[in-house]
Amino acid sequence: MAVSTLIYNTFMRRNSVFVGTILFGAFAFEIGFDSTIDKVWDRLNSGKQWKDIKHSYITSDE
Amino acid sequence: MVNRLSSSPLLKRVSSTIARGFSNSAVKESGSEWSNALSIDRANVGHSKVSRNTRAAIVATVATGGLAAWYAHLYGNPIKAVTVAEHGLHPASYPWPHNGWLDTFDHASLRRGFTVYKEVCAACHSLNLVAWRTLVGVTHTADEVRALAEEYEYDSEPNDEGEIEKRPGKLSDYIPPPYPNEQAARAANQGALPPDLSLIIKARHGGCDYVFSLLTGYPDDPPAGAVVASGLNYNPYFPGGGIAMARVLFDGLVDYDDGTPATASQMAKDVTSFLNWAAEPEHDERKKIGLKVLIITGTLWAISLWVKRFKWTPIKTRKILYKPPKV
């Protein structure tokens, strides 16, 4: 109860704060979600992607 | 829910009240008519063994079956313009590294596949939709692709006199075709046009499996009875069996820079993977977005189920009381 009251008083009491929370939350969620999916993808495909094999083809520093 | 309601003593009282309300004379009369009809039917059953309804059902079933058989006879076996052999042998399905929902291409294989395309396929087949720049970060480094592009000459912008000169290729140029136009391609190949390979994996039934089977499926001799027109080569996977392209992949045809032995099937696998990448450069992003969509919509679906139950629980679990009026 105390937590929900705290959340309500912090994020929902003022509409400007509420809307800002939603907008910021959307950005934060998308960044976190996308990077998580990328990590999962890289783990499932380790050794198959260009980033895993390019070290053997880079001759000079580019 | 229904069980709980019907087992409650209140509801029993309600239903018995309803039954009492309906038990008037009209219902009784119609009920007796029904029972009369039923007794007549039973009497008929007595001497003919099969009731009229059963006979009607048998007749209807036979008629339906007969009609279906007649229809199937008329339309069920359409005349096929091609035989199975003319349709082309169906390829086996191979375990490609990129088959799974969350699998990307084997990029080392893509790099080898580009070598095969450049050394072998590019003699006849164009790759019009692939620009040099798209290879960067997929199969080669930027420097390597620049060096590859500079091996070819492209038309420059008109100079001050309006003349178009030749310049070395840049990253933004597209991979050059082997022939300037279709007529030149046909003239050089006995009238057969080597198709552009940019989308060939998408454009053929069977995709990778078909192209791999075609490349590795040339028998040493055509089977007995197969008629191959002059200038064509026998390949069971090609519709009709006669393909203008001869077998091109032989062991040791190219040198791979990563030391992989260049067997014919290895080259076929690599170039097929490369052509699949060329046809679907968005492949990785597509699969990632698919995963994201499934996760997000799955979560929203679960939430919507929960909300529905939350909202409907009081409605579904309420009990309706009936208080009969005092007479």
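How high is the FRET efficiency between B:ASN128 and A:SER46 when r is their beta carbon distance and R₀ equals 51 Å, given to the nearest 0.05?
It comes to 0.90.
Counting partner chain Cβ atoms within 10 Å of every residue's Cβ in B:101-109, what's the average?
Averaged over the peptide's residues, the number is 5.
Counting only other chains, what is the mean number of Cβ atoms within 10 angstrom of the Cβ of each residue in peptide B:236-246?
Taking the mean over all residues of the peptide, I get 0.
Helix check for chain B. Which DSSP H runs span at least 30 Å along their own axis by Cα, with a mean Kyte-Doolittle hydropathy no less than -1.0?
B:25-48, B:283-317
Any idea what the dipole of the stretch B:158-242 comes to, in debye rounded to 20, about its Cα centre with Lys/Arg Cβ at +1 and Asp/Glu Cβ at -1?
With only Lys, Arg, Asp and Glu charged at Cβ, the dipole is about 280 debye.
Percent antiparallel among DSSP beta bridges with both residues in the protein assembly as shown, to the nearest 5?
90
From zero up to wherever the largest Cα-Cα distance of chain B sits, split into 10 Å bins and tell me the percent of pairs in each.
4, 14, 17, 13, 11, 9, 9, 9, 8, 4, 1, 0
Could you check the spin-label model distance between B:ASP155 and B:GLU86? Points 7 Å from the Cα along Cα→Cβ, value in nm.
Spacing of the two 7 Å Cα→Cβ label points: 4.3 nm.
Once you average over the residues of B:136-143, how many Cβ atoms of partner chains fall within 10 Å of each Cβ?
So the per-residue partner count for this stretch is 4.
Which of the trypsin sites (Lys or Arg not before Pro) across chain A are loop residues per DSSP, with 16 or fewer other Cβ within 10 Å?
Counting only loop positions with at most 16 other Cβ atoms within 10 Å, the trypsin sites (Lys or Arg not before Pro) in chain A are A:ARG13, A:ARG14.
For chain A, with only Lys/Arg (+1) and Asp/Glu (-1) charged at the beta-carbon, what is the dipole magnitude about the Cα centre, in debye rounded to 20?
The calculated dipole for chain A is roughly 320 debye.
How large is the charge dipole for the protein assembly as shown, taken about the Cα centre, if only the Cβ atoms of Lys, Arg (+1) and Asp, Glu (-1) carry charge, to the nearest 20 debye?
5500
Looking at chain B as a GNM with Cα springs under 10 Å, which of B:ALA123, B:ALA302, B:ALA147 has the largest mean-square fluctuation?
Largest GNM mean-square fluctuation: B:ALA302.
How big is the stretch A:2-49 by Rg and Dmax over its Cα atoms, in Å?
Spelled out, the Cα radius of gyration and Dmax of the stretch A:2-49 are 17.1, 50 Å.
If one takes the longest principal axis of the Cα atoms in chain A, at what angle in degrees, from 0 to 90 and to the nearest 10, does the Cα axis of helix A:15-44 lie?
30
Given the Cα atoms of the protein assembly as shown, and with Rh set as the inverse mean 1/r over their pairs in the Kirkwood sense, what is Rg to Rh to two decimals?
The Rg/Rh ratio comes out at 1.23.
Given a Förster distance of 51 Å, report the FRET efficiency between B:ASN189 and B:THR317 from their Cβ-Cβ distance, rounded to the nearest 0.05.
The formula returns an efficiency of 0.10 here.
Would you mind pulling out the separation of the Cα centroids of the stretch B:185-241 and the stretch B:259-300, in Å?
Centre-to-centre (Cα) distance: 24 Å.
Points 7 angstrom from Cα along the Cβ direction at B:ALA229 and B:TRP101: gap in nanometres?
Computed distance between label sites B:ALA229 and B:TRP101 equals 4.6 nm.
So if we plug the beta-carbon distance of A:ARG13 and B:LEU294 into 1/(1 + (r/R0)^6) with R0 = 25 Å, what FRET efficiency do we get, rounded to 0.05?
It comes out at approximately 0.10.
Can you run phi through the Karplus equation (6.51, -1.76, 1.60; θ = phi - 60°) for the stretch B:219-224 and list ³J(HN,Hα) in whole Hz, with x for Gly and Pro?
Values, residue by residue: x, 4, 10, x, x, 4 Hz.
Ranked highest first by the average count of other Cβ atoms within 10 Å around their residues, in what order do B:289-297, B:210-218 fall?
Ranked from most to least packed, the peptides come out as B:210-218, B:289-297.
Projected onto the charge dipole of chain A (+1 at Lys/Arg Cβ, -1 at Asp/Glu Cβ, origin at the Cα centre), which of A:SER56, A:SER4, A:ILE31 gives the Cα projection farthest towards the positive end?
Result: A:SER4.
Would you calculate the separation in nanometres between label points at B:ASN53 and B:PHE310, each defined as 7 Å from the Cα along the Cα-to-beta-carbon direction?
Between B:ASN53 and B:PHE310, the simple spin-label model gives 5.2 nm.
Want the number for B:ARG286 to B:ASP258: 0.36 nm per residue separation, take away the alpha-carbon distance, what's left?
Taking B:ARG286 through B:ASP258 to full extension adds about 7.2 nm, to one decimal.
Within chain B, which is the longest segment that contains none of the GluC sites (Glu not before Pro) sitting in a DSSP loop with at most 14 other Cβ atoms within 10 Å?
B:1-150
Based on the mean of other Cβ atoms within 10 Å per residue, sort peptides B:54-63, B:227-236 so the most packed one is first.
Packing order, densest peptide first, comes out as B:227-236, B:54-63.
No lab work stands behind these numbers, since they all come straight from the coordinates. Every value quoted in this text rests on a predicted model; they were computed, and no experiment measured them. A quick note on method: Cβ atoms are made from the backbone with ideal geometry, for glycine too, and the neighbour counts reach across all protein chains shown.
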